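Enquirer: For reference, the structure I am asking about is given below.
The values are calculated or read from the model by the stated rules, or taken from the named source; none is laboratory data. These numbers come from a predicted model, not from an experiment. Every residue, glycine as well, gets a Cβ built from its backbone with ideal geometry; the counts of neighbours run over all protein chains shown. These accessible areas exclude ligands, DNA and RNA; they are computed on the full protein's heavy atoms, side chains included. Shrake-Rupley method; radii C 1.70, N 1.55, O 1.52, S 1.80 Å.
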Amino acid sequence: MHTKLEQARLLTTKFGQEHLLKFYHILNPSEQADLLDTILNLDFKLIESLYHRLVLNPANHFREERLEPLIPQIWDDLDPKTRQQYRDLGLKLIDKCKVAAVLVAGGQGTRLGHSGPKGTFNLGLPSQKSLFQLQAERLLNLARQTGTTIPWYIMTSPENHAATTGFFRENHYFGYPEANLFFFQQDQLPVINAAGKILLAAPGRISLGPNGNGGCFLALHRSGALTDMKKRGVEWVFLYGIDNALVRVCDPGFIGFTAANRYLSASKVVPKAAPEERVGVLCYRNGRPAIIEYTEFPEELTRQRDSQGRLLYGNANILIHLFRRDFLEDYAATGLPFHVAHKKIATIDGEGRPVNPDQPNAYKFELFLFDIFPLLTDMAALQVKREEEFAPVKNKTGADSPETARHLLFSLHRNWLQAAGVPTGLLKDRRIEISPLLSFGGEGLDPIKITTFLKENPGQEVELK
């Protein structure tokens, strides 16, 4: 019977990764145990295969494939009666416990200059609310409308799981019932260098990275989340990402639209701002729905337009999707294709000294959630207004930053107040935030009460709640 150390030596030798144990002798017993457990749980065969397939022999057969536009349904083109029917159906499904929310929140806020999970980031609004709180309150608004709290499944990563769950506890779960919260973790994969060697983050710690947002399906399956949904009677799964400050979580209109038209899945999209915008595009590839990343999209197709001057391939992906739960049950464990990213990753050299590269030095392997779409025979795209539903928070400054997200939110809320009949003079040059607990999408705003409040509270920044 081999000891763990002997097993680890045999395994690393077999796959040419002996360096992982180079510093074993200088580690304390706890660090030694952690390193051995990590090594023995690594899928060396998979890493070796991905290295040969995606790093040494990258092949792009994309241009041999057939692309066709996927024509979206434009929400604003629907007549008001139909839109209301969809909303009513969505609220009915929520009321009958047929809807769940799945949040992909495994990332850190590093690019924002924030040391914690991205969901804990304070946007700098008058309320000082985090992304997590804004989304929790939108779901609580729906709970008040229907009398039913939507089960909320939050995918973390090993890197941010403890900080995420701790943040929720410290904030008393933002008023969300604990029985309706389910935290689960995505898997990790080792990071490798150009020679296929797994990097060490420290003498006793292997460099690991989350396996991409596409890892959510396998994680839903392995964690028991899908089983939990089935027990609750959930039929529809609203899946979205953490970094959209305007996301309408479990939007009843979107759910009703998808259910009424009997699709297995649908995605919200916005029109591309320009042909060269760096976003994925929802279209058909070889007769099946697919999202094609901008890095892979044929340039000659990006500028094609229809008879009305709209981009034929203009469905910009904003990571808001709806799936039938039974479809996810059937395919959650299906192996999706891996993608490779060349990145700058801190590591150590052969002597154990820290290395902080100024050029990409490592390869990360990731799954993309939209690679599940080709398993569908068809799906729908619902086009919504970018300025109403898409305010990404990705960068510290410039485009897609907290500043641009705040601007979009204040502009949207100003429009809601004007539509409700609040005097324009009270809104001019003021940054007014409307709590998600007060209004989900601009509805239910009392112009008399709000006018009185704004007169009594003349501050430059105000939260209506």
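Enquirer: If I filter the range 392-406 for residues that are in contact with a strand residue (DSSP E or B) (Cβ under 9 Å, 6 or more places away or on another chain), under 22 Å from Gly253 (Cβ atoms) and not in a loop (DSSP other than H, G, I, E, B), do I get at least one hit?
Expert: yes
Enquirer: If I ask for residues that are among the acidic types (Asp, Glu) and more than 21 Å from Val237 (Cβ to Cβ), which ones from the range 143-181 would you list?
Expert: The answer is Glu159, Glu170.
Enquirer: Sort through Glu159, Glu170 and tell me the only one that's over 24 Å from Leu50 (Cβ atoms) and not polar (S, T, N, Q).
Expert: Selected residue: Glu170, the only one of Glu159, Glu170 that is over 24 Å from Leu50 (Cβ atoms) and not polar (S, T, N, Q).
Enquirer: Any residue that is touching a Phe, Trp or Tyr at 6+ places or on another chain (Cβ under 8 Å), assigned to a loop (DSSP other than H, G, I, E, B) and within 25 Å of Val393 (Cα to Cα) - is there at least one of those in the range 178-201?
Expert: No, that holds for no residue.
Enquirer: For the range 307-324, which residues satisfy the criterion of being of a type outside the set (S, T, N, Q), touching a residue at least 24 places away in the same chain (Cβ under 8 Å) and either surrounded by fewer than 21 Cβ atoms within 10 Å (Cβ to Cβ) or assigned to a strand (DSSP E or B) (or both)?
Expert: Arg310, Leu311, Leu312, Ala316, Ile318, Leu319, Ile320, His321, Leu322, Phe323, Arg324 - these are the residues of the range 307-324 that are of a type outside the set (S, T, N, Q), touching a residue at least 24 places away in the same chain (Cβ under 8 Å) and either surrounded by fewer than 21 Cβ atoms within 10 Å (Cβ to Cβ) or assigned to a strand (DSSP E or B) (or both).
Enquirer: Within the range 23-42, count every residue that is surrounded by fewer than 17 Cβ atoms within 10 Å (Cβ to Cβ), free of Cβ contacts under 8 Å to residues at least 40 places away in the same chain and not polar (S, T, N, Q).
Expert: So the answer is 5.
Enquirer: Out of the range 67-109, which residues are open to solvent by less than 40 Å² (accessible area, probe 1.4 Å) and either part of a loop (DSSP other than H, G, I, E, B) or at positive phi (or both)?
Expert: Leu70, Pro72, Leu78, Ala105, Gly106, Gly107, Gly109
Enquirer: Just checking, how many residues over the range 202-221 are among the small types (Gly, Ala, Ser) and assigned to a loop (DSSP other than H, G, I, E, B)?
Expert: 4
Enquirer: Residues of the range 142-161 being assigned to a helix (DSSP H, G or I) and either touching a His at 6+ places or on another chain (Cβ under 9 Å) or open to solvent by 10 Å² or more (accessible area, probe 1.4 Å) (or both), which ones?
Expert: Listed by number, the residues that qualify are Ala143, Arg144, Gln145, Thr146, His161.
Enquirer: Just wondering, is there one or more residues in the range 346-365 that are open to solvent by 20 Å² or more (accessible area, probe 1.4 Å), of a type in the set (Ser, Thr, Tyr), touching a residue at least 12 places away in the same chain (Cβ under 8 Å) and assigned to a strand (DSSP E or B)?
Expert: Within the range 346-365, one or more residues are open to solvent by 20 Å² or more (accessible area, probe 1.4 Å), of a type in the set (Ser, Thr, Tyr), touching a residue at least 12 places away in the same chain (Cβ under 8 Å) and assigned to a strand (DSSP E or B).
Enquirer: Determine if the range 278-300 includes at least one residue that is more than 24 Å from Val104 (Cβ to Cβ), modelled with pLDDT under 95, out of contact with any Ser or Thr (no Cβ under 7 Å at 6 or more places or on another chain) and not in a loop (DSSP other than H, G, I, E, B).
Expert: yes
Enquirer: Hey, another quick one. Which residue out of Leu11, Leu54, Leu20 is assigned to a helix (DSSP H, G or I), out of contact with any Leu (no Cβ under 9 Å at 6 or more places or on another chain) and either of a type outside the set (Asp, Glu) or open to solvent by 80 Å² or more (accessible area, probe 1.4 Å) (or both)?
Expert: Testing whether each residue is assigned to a helix (DSSP H, G or I), out of contact with any Leu (no Cβ under 9 Å at 6 or more places or on another chain) and either of a type outside the set (Asp, Glu) or open to solvent by 80 Å² or more (accessible area, probe 1.4 Å) (or both) leaves just Leu54.
Enquirer: Is it true that Thr164 is touching a Pro at 6+ places or on another chain (Cβ under 7 Å) and open to solvent by 30 Å² or more (accessible area, probe 1.4 Å)?
Expert: It is false that Thr164 is touching a Pro at 6+ places or on another chain (Cβ under 7 Å) and open to solvent by 30 Å² or more (accessible area, probe 1.4 Å).
Enquirer: Can you tell me how many residues within the range 431-459 are of a type outside the set (A, V, I, L, M), within 30 Å of Pro252 (Cα to Cα) and either open to solvent by 60 Å² or more (accessible area, probe 1.4 Å) or not in a helix (DSSP H, G or I) (or both)?
Expert: The qualifying residues number 13.
Enquirer: How many residues does the range 91-107 hold that are over 14 Å from Leu226 (Cα atoms) and over 12 Å from the mean Cα position of the chain (by Cα)?
Expert: Residues in the range 91-107 being over 14 Å from Leu226 (Cα atoms) and over 12 Å from the mean Cα position of the chain (by Cα): 7 in total.
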